[in-house]
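Colleague: Okay, handing you the structure first.
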């Protein structure tokens, strides 16, 4: 719903440059958190993994709440995922940032689950703007 109460009206409006810049900034910030988290989870295994996942969850939830839309969490999650995929691919020499084991796999899978959960947690408003149930 948009501010005028019509569903999907935000699709018909032209995108504002400030909003586009904010989403691009969130994607860039997601990439930074993804790369940093991949280094931290590998350095201090049990605590580093928890710290990296908490930072990722904070980023996804914070970007969804800040923008007030699902696209905020999706933008930061997309930047995070792209950075993780780039970092996880090895080079021709066999060098890679991720080691084999449960830690990197848990970081990728749980991190993406957190991004999806935060993207779907943004509460939709009712037609009159209240966040209460329709029958009350």
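Colleague: Taking the conditions exactly as written (under 11 Å from residue 107 (Cβ atoms) and surrounded by 17 or more Cβ atoms within 10 Å (Cβ to Cβ)), does residue 49 satisfy them or not?
Modeller: When the stated conditions are applied, residue 49 passes them.
Colleague: Quick one: which residue in 68, 58 is touching a residue at least 24 places away in the same chain (Cβ under 8 Å) and within 22 Å of residue 21 (Cα to Cα)?
Modeller: None of the others qualify; the one that does is 68.
Colleague: Quick check on the stretch 4-22: of everything there that is over 22 Å from the mean Cα position of the chain (by Cα) and either surrounded by 11 or more Cβ atoms within 10 Å (Cβ to Cβ) or more than 22 Å from residue 118 (Cα to Cα) (or both), which residue is modelled with the highest pLDDT?
Modeller: 14
Colleague: Yes or no: residue 25 more than 15 Å from residue 115 (Cα to Cα), part of a helix (DSSP H, G or I) and at pLDDT 90 or above?
Modeller: Considered against the rule, which asks whether it is more than 15 Å from residue 115 (Cα to Cα), part of a helix (DSSP H, G or I) and at pLDDT 90 or above, residue 25 comes out as yes.
Colleague: Given (1) modelled with pLDDT of 90 or more; (2) within 13 Å of residue 31 (Cβ to Cβ), where does residue 74 come up short, assuming only one miss?
Modeller: For residue 74, the failing item is (2).
Colleague: Right, residue 34: surrounded by 18 or more Cβ atoms within 10 Å (Cβ to Cβ), at pLDDT 85 or above, within 17 Å of residue 108 (Cβ to Cβ) and in contact with a helix residue (DSSP H, G or I) (Cβ under 8 Å, 6 or more places away or on another chain) or not?
Modeller: yes
Colleague: Right, something else. Taking into account only those residues within the stretch 91-125 that are loosely packed, with under 14 Cβ neighbours inside 10 Å and more than 21 Å from residue 37 (Cβ to Cβ), which is modelled with the highest pLDDT?
Modeller: Of everything passing the filter in the stretch 91-125, 120 is modelled with the highest pLDDT.
The values are calculated or read from the model by the stated rules, or taken from the named source; none is laboratory data. Nothing here was measured: the structure is a model prediction, and the numbers come from that model. All Cβ positions, even for glycine, are placed from backbone atoms using ideal geometry, and neighbour counts span all protein chains on display.
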